[in-house]
Amino acid sequence: MSTCCAYFFGGVFMVVRCRLGDIMKQRGLTNKDVVELTGVSRNTITSLAANATKRIDYDTIEGLCKGLGITPGELIEFAPDNQ
């Protein structure tokens with residue numbers, strides 16, 4: 001899992017990661033599908049789905065949440081780094 005932000009928290013390395021790739025896979029969505037549903041650019045979708053970005057704008061989070069019918073908590077997680 002690639003990620004942009006790792007933290008040592010409670011004796012465990014934790015990472016902030018975007019779950020967009022997981023959500024797309026679960027729903028059988030392509031990048032093109034997500035672009036059409038959300039209005040977010042293809043390059044942004046590609047980067048977020050691969051966890052290859054260092055930041056995400058509020059407008060992007062809003063577009064993804066509205067277009068996919070999810071909450072920010074479903075999109076972004078803070079989880080143990082299993083690498």
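Only the coordinates and a few stated rules stand behind these numbers; no lab work does. From a predicted model like this one, the values you see are computed outputs, not experimental measurements. We place every Cβ from the backbone using ideal geometry, glycine too, and count neighbours over all the protein chains shown.
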So, by mean Cβ neighbours within 10 angstrom, what's the order for 38-49, 54-65 with the highest one leading? 38-49, 54-65
Residues with amide H under 5 Å from that of Ala50, placed H, sequence gap 5 or more: none
If amide H atoms are built 1.01 Å from N in the plane of the peptide, which residues on other chains or at least 5 residues away come under 5 Å of the amide H of Val15? Tyr7, Ala79, Asp81
What's the local net charge at Leu29, with K and R +1, D and E -1, over the other residues with C-beta under 14 Å away? +2
Calculate the spin-label point distance for Lys54 paired with Glu74, positioning each point 7 Å from the Cα along the beta-carbon direction, and give it in nanometres. 3.1
